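Let me begin by presenting the structure, written as structure tokens, before commenting on it.
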Amino acid sequence: MKKARLTPEHADLIERLARFAQNVTIILGVFAGVLSFISTQHDKRVASVLALRREYTGDIRGNFLQMMDSWNTWPEGADFLKVKQDQQAEMVIKFFQDAKNRQPLNQIVDFFDTLYACLDRHACDRNTALYLFQDVAKQSFETGGYQIMAKRKNDADPGYAHGLENIYAMNPQWTVGSYF
């Protein structure tokens with residue numbers, strides 16, 4: 001039986017295949033590293049939102065329910081949708097003149113300012129935050145919107161409820177794109 005000899009052509013082919021395998025391994029390693037980084041960052045951002053969720057269920061949810069219950073049982077609120085927009089604004093401002101109605105809104109506003117700061121600094125996951133909190137932001141902003149605008153104008157505080165308004169209007173984002 002004849003022994004196979006390694007010809008220069010075969011050695012060159014083996015060398016090129018080895019370099020190709022080495023380059024593929026490096027590329028796959030970089031790709032795996034990027035995926036691992038994104039996954040870890042995503043997990044941290046979701047954990048930050050869940051920590052805020054615990055804060056929300058502690059006090060803020062009670063404030064939200066109190067404000068909505070007061071609004072829904074407020075005798076003058078029954079005609080809210082039947083009147084013109086400028087009358088609606090007057091009704092909302094009158095509702096929030098009472099401190100027991102204003103205090104829950106202020107607590108909600110503070111919470112959403114914190115959540116928005118977390119989102120703005122990319123420390124919280126936007127899609128998770130929107131899933132958990134956007135309905136509350138929507139109801140709060142739509143209930144207290146005229147009060148918020150009046151406070152911004154009268155108190156010369158243009159940043160009042162900025163976080164609440166931004167989360168109310170925010171759209172979900174492509175998760176992977178938020179890490180670059």
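In segment 13-50, which residues are touching a helix residue (DSSP H, G or I) at 6+ places or on another chain (Cβ under 6 Å) and of a type in the set (A, V, I, L, M, F, W, C)?
38, 46, 49
Which residue, of 9, 90, 15, is over 31 Å from the mean Cα position of the chain (by Cα), closer than 19 Å to residue 152 by Cα and open to solvent by 90 Å² or more (accessible area, probe 1.4 Å)?
Going through 9, 90, 15 in turn, just one is over 31 Å from the mean Cα position of the chain (by Cα), closer than 19 Å to residue 152 by Cα and open to solvent by 90 Å² or more (accessible area, probe 1.4 Å): 90.
Quick one: how many residues across segment 112-145 are more than 9 Å from the chain's Cα centre (by Cα), surrounded by 18 or more Cβ atoms within 10 Å (Cβ to Cβ) and hydrophobic (A, V, I, L, M, F, W, C)?
Within segment 112-145, residues that are more than 9 Å from the chain's Cα centre (by Cα), surrounded by 18 or more Cβ atoms within 10 Å (Cβ to Cβ) and hydrophobic (A, V, I, L, M, F, W, C) number 4.
Which of (1) modelled with pLDDT under 90; (2) open to solvent by less than 40 Å² (accessible area, probe 1.4 Å); (3) not acidic (Asp, Glu) does residue 3 not meet, given it meets every other one?
(2)
Going residue by residue through segment 73-83, is there one that turns out to be polar (S, T, N, Q) and farther than 22 Å from residue 167 by Cα?
Yes, segment 73-83 contains at least one residue that is polar (S, T, N, Q) and farther than 22 Å from residue 167 by Cα.
Only helices (runs of 4 or more DSSP H) wholly contained in segment 85-179 count here; list those with 3 or more residues that are under 30 Å from residue 35 (Cβ atoms) and out of contact with any Gly (no Cβ under 7 Å at 6 or more places or on another chain).
Hits in segment 85-179: 99-120, 126-154.
On the basis of being open to solvent by 50 Å² or more (accessible area, probe 1.4 Å) and under 20 Å from residue 165 (Cβ atoms), does residue 43 make the cut?
no
Name every residue in segment 93-110 that is open to solvent by 60 Å² or more (accessible area, probe 1.4 Å) and under 20 Å from residue 56 (Cβ atoms), in order of residue number.
102, 103, 107, 110
Only one of (1) in contact with an Asp or Glu (Cβ under 9 Å, 6 or more places away or on another chain); (2) closer than 22 Å to residue 157 by Cβ; (3) touching a residue at least 24 places away in the same chain (Cβ under 8 Å) is not met by residue 103, so which one is it?
Against the list (1) in contact with an Asp or Glu (Cβ under 9 Å, 6 or more places away or on another chain); (2) closer than 22 Å to residue 157 by Cβ; (3) touching a residue at least 24 places away in the same chain (Cβ under 8 Å), residue 103 comes up short only on (1).
Can you confirm whether residue 79 is open to solvent by 90 Å² or more (accessible area, probe 1.4 Å) and in a helix (DSSP H, G or I)?
Answer is no for this residue.
The values are calculated or read from the model by the stated rules, or taken from the named source; none is laboratory data. None of these values were measured; they are calculated from a predicted model. Because the Cβ atoms are built from the backbone with ideal geometry, glycine has one as well, and the counts that use them run over all protein chains shown. Side chains are part of the model used for accessible areas, which takes the heavy atoms of the whole protein and leaves out ligands, DNA and RNA. Shrake-Rupley method; radii C 1.70, N 1.55, O 1.52, S 1.80 Å.
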